[in-house]
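Only one structure is covered here, and it is reproduced in the block below.
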Amino acid sequence: MTDAATRLAGGHPVTPDGRYFVVRGRLWRLANPALADDKRAALVKDLMTARRAVGVAKRSGDPDAEAIAHADVDAAKHALGERGPVWWTDGAPDLNRHMARNTPYADWFERLAPFT
């Protein structure tokens, strides 16, 4: 297996260009690697806080609080570069949430099959 194929994000394979990680065959956009470490850490902290707030709101049956918490999750993901405009500049399309087998990563993903 190539070095690019062995790169992992949270135990999941990362595409050779470092734009996505793959979970159950689906591509998920990674955070912008150009973010400063301290900025990324603060945004991840915000994201985790917002995700916990979603759970609290769901358990309490508060749809207004849940909507606010979901909006906070979305804002953090946009700031991280996981949603919204892509952070790369070569004009490649955003394939977030696409099945890897249906994208230009299909051959790479097929070679991973024994390892995923």
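Specify which of the listed residues (D107, D46, D38) is of a type in the set (D, E), more than 19 Å from G10 (Cβ to Cβ) and either surrounded by 13 or more Cβ atoms within 10 Å (Cβ to Cβ) or not assigned by TED's automatic domain parsing to the domain that holds G10 (or both).
Every option except D38 fails the conditions.
State whether the residues of region 58-76 include one that is among the β-branched types (V, I, T), over 30 Å from D107 (Cα atoms) and free of Cβ contacts under 8 Å to residues at least 40 places away in the same chain.
Scanning region 58-76 turns up at least one residue that is among the β-branched types (V, I, T), over 30 Å from D107 (Cα atoms) and free of Cβ contacts under 8 Å to residues at least 40 places away in the same chain.
Report whether or not D74 is surrounded by fewer than 17 Cβ atoms within 10 Å (Cβ to Cβ) and in the same structural domain as F21 (by TED's automatic domain parsing).
The answer is no for D74.
So which of P63, P114 is modelled with pLDDT under 95, more than 17 Å from D17 (Cβ to Cβ) and of a type outside the set (D, E, K, R)?
Details: P63 fails: modelled with pLDDT under 95.
When all the criteria are applied, what remains is P114.
Find the helices (runs of 4 or more DSSP H) located wholly in region 1-111 whose residues include 2 or more that are under 13 Å from the mean Cα position of the chain (by Cα), and list them.
By residue number, 37-60, 63-80.
V86: among the β-branched types (V, I, T), crowded, with 16+ Cβ neighbours inside 10 Å and in the same structural domain as R7 (by TED's automatic domain parsing), yes or no?
yes
The values are calculated or read from the model by the stated rules, or taken from the named source; none is laboratory data. Bear in mind the structure is a predicted one, so any value in this text is a computation, not a measurement. Every residue, glycine as well, gets a Cβ built from its backbone with ideal geometry; the counts of neighbours run over all protein chains shown.
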